[in-house]
Amino acid sequence: MTTYVPVPGHHRSPLSDDPTGPSGNRRLFAAAGPTLVQHGARFGPFPTLSPPSRLIGLLDDAGLSGRGGAGFPTGRKMSAISGRRSVVIANGAEGEPASGKDAVLLRTAPHLVLDGLALAAAAVGARETHLYAPAPALDAVRRALDERRAAGWDRHKVHLTEAPDRFISGEESAVINRIEGRPALPSDRLVRVTDSGLHGRPTLVQNVETLAHVALIARYGPRWFRSTGTPTEPGTMLVTLSGTAAPGVLEVPIGIPLARLLDDYAAVDPAAVRAVLLGGFHGAWVPGAQVPEAALSREALQPLGATPGAGVVLVLGTHECGLQKSADISRYLAEQSARQCGPCLNGLPAIANVLTQLAYRRPAPNSAREVQRLTNMVEGRGACKHPDGTARFVRSAMNTFAHDVGLHLRGRCEATIPAPPPTPRTR
Ligand SMILES: Cc1cc2nc3c(=O)[nH]c(=O)nc-3n(C[C@H](O)[C@H](O)[C@H](O)COP(=O)(O)O)c2cc1C
Ligand code: SF4
């Protein structure tokens, strides 16, 4: 059975023509190290925009979209913030176990994130800023804040809040609940957080990687940002690669062919790939046969029913069983729900049970239909998108591994079957 742990946080960028310069693919990791001196030596002083709200136009021109998973246009989100008491939150929760990019970024380039946070706050007129991340990442941020204070780099205070290590703790209403002192659980929100978020104030929640790109766009401009990536999805993105001999975090141009990424970064033989999970545990499998047509952009992945999400690329070898891996992930997702709403309380454990039966034990003949029925039942019925994301993942697993379903129903599997896992909890 698979144990899900974040991949070790090393990062490489072998595709870069200019690995140390802002013109290459290595942008976020271009500084020699995490200190303020190294940051200043590489990126220059804190960028001052006049007026600060000019940033929003630059982000629109750059075409920056959020790197937290949903890919919403950043400039558009910022322009929705109005009111003098607004708040900006940098979201580094990264509850997704297959992702390590935000932790690596906060450890390696904390000053880019903090510059982006200060710039975003100035642009929307916010006096209050927060950074929300797991404890180890907060240590790096604390050190960076001390350096900034000592150097008088920028004056604004950043409130730090520890993110619990749970899949859903980075969902934006869970982030707000946690910062307000409640458990980090999503809540049913009838109004957008940009209208009424933290303590009822207009709130901008941005992923930490998004903010780091903001800091670079403020310095080098939209044309520079668009010099890599695709015309509709410009820039670079961080990818967490796992399931290979050398897992790690990479910075790649958006639109990079998946086969090239696997070959250049991980020396993966395409013939040894059963499938690749893109976008994380709420993402979708791309079958090995379709890897040559896949590229890491929303546009390129749309026909394959996948998205790059927050940059998770998890490789499943031909020696592994896709149904077992999917059953493990569905059980994890069931256990990670907040157990507040019906679909999470009853539906997700039921789906995980049937998938586990199908993957590890002698399945009932109607197992596949039962998974489909339960998946249809949970969709669109939670207070947050957790059931929808789980349904999307499970549906993709059943499509991608349809051949394996047939084999398992006949008591066979192309991979070695390990001991059955414990049965998920139900109520
Ligand atoms: C279940 C769930 C978990 C999420 N976890 C994270 C997370 O760990 N980090 C993050 O930045 N966004 C996460 N998001 C997305 C946030 O709700 C929000 O859209 C994001 O922080 C906005 O930042 P961006 O526009 O810069 O991408 C999650 C969403 C869902 C539904
Ligand atoms: S849908 Fe699930 S994860 Fe989302 S709020 Fe309801 S119980 Fe929690």
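Structure notes:
- Where labels lie 7 Å past Cα in the beta-carbon direction, separation of D264 and T318 in nm: 2.6
- Whole-Hz couplings from phi, Karplus 6.51/-1.76/1.60, listed for region 286-301; x for Gly and Pro: 10, x, x, 5, 9, 4, x, 8, 8, 9, 7, 8, 4, 4, 6, 8
- FRET efficiency for H156 and T232, using Cβ-Cβ distance with R0 set to 35 Å, rounded to 0.05: 0.55
- Each DSSP beta bridge with both residues in the chain is either parallel or antiparallel, and the antiparallel ones are about 45%.
- Under-5 Å amide H pairs with G229, H placed in peptide plane, nonlocal only: G235, I254
- Cβ-based exposure ranking for E320, E94, in which fewest neighbours within 10 Å come first: E320, E94
- Take 105-117, 258-270, 382-394, 79-91 and order them by the average number of nearby Cβ atoms within 10 Å per residue, most first; the result is 105-117, 382-394, 79-91, 258-270.
- Cα-based helix-to-principal-axis angle, 110-124 vs the chain, degrees rounded to 10: 70
- Mean residue ellipticity (222 nm) of the chain, computed from DSSP H runs ≥ 4 via -39,500 (n - 2.57), nearest 500: -11500 deg cm²/dmol
- Here's how it looks for A163: its modeled amide H is under 5 Å from those of A133, A135, which are all 5 or more places away or on a different chain.
- Comparing Cα centroids, region 305-366 and region 70-88 end up 34 angstrom apart.
- Residue-wise HN-Hα coupling along region 314-327, computed from phi with Karplus coefficients 6.51, -1.76, 1.60 (Hz; x: Gly, Pro): 10, 8, 10, x, 5, 7, 9, 9, x, 5, 5, 4, 5, 5
- Counting only aspartates and glutamates at least 8 places from K157 when in the same chain, those with an alpha carbon closer than 18 Å to its own are D115, E128, D139, D146, E147, E180.
- Backbone geometry of region 96-101 corresponds, through the Karplus equation with coefficients 6.51, -1.76 and 1.60 at θ = phi - 60°, to 3J(HN,Hα) couplings of 5, x, 8, 10, x, 5 Hz, x marking Gly and Pro.
- Beta bridge orientation in region 11-225: antiparallel %, DSSP, nearest 5: 5
- Under 23 Å from K101, Cα to Cα: lysines that are on another chain or at least 8 residues apart: K77, K325, K385
Read-outs: derived from the displayed coordinates by stated rules, not from any lab. Bear in mind that the values here come from a model prediction, so they are computed numbers and not experimental data. Please note: Cβ atoms are built from the backbone with ideal geometry, for glycine as well, and neighbour counts cover all protein chains shown.
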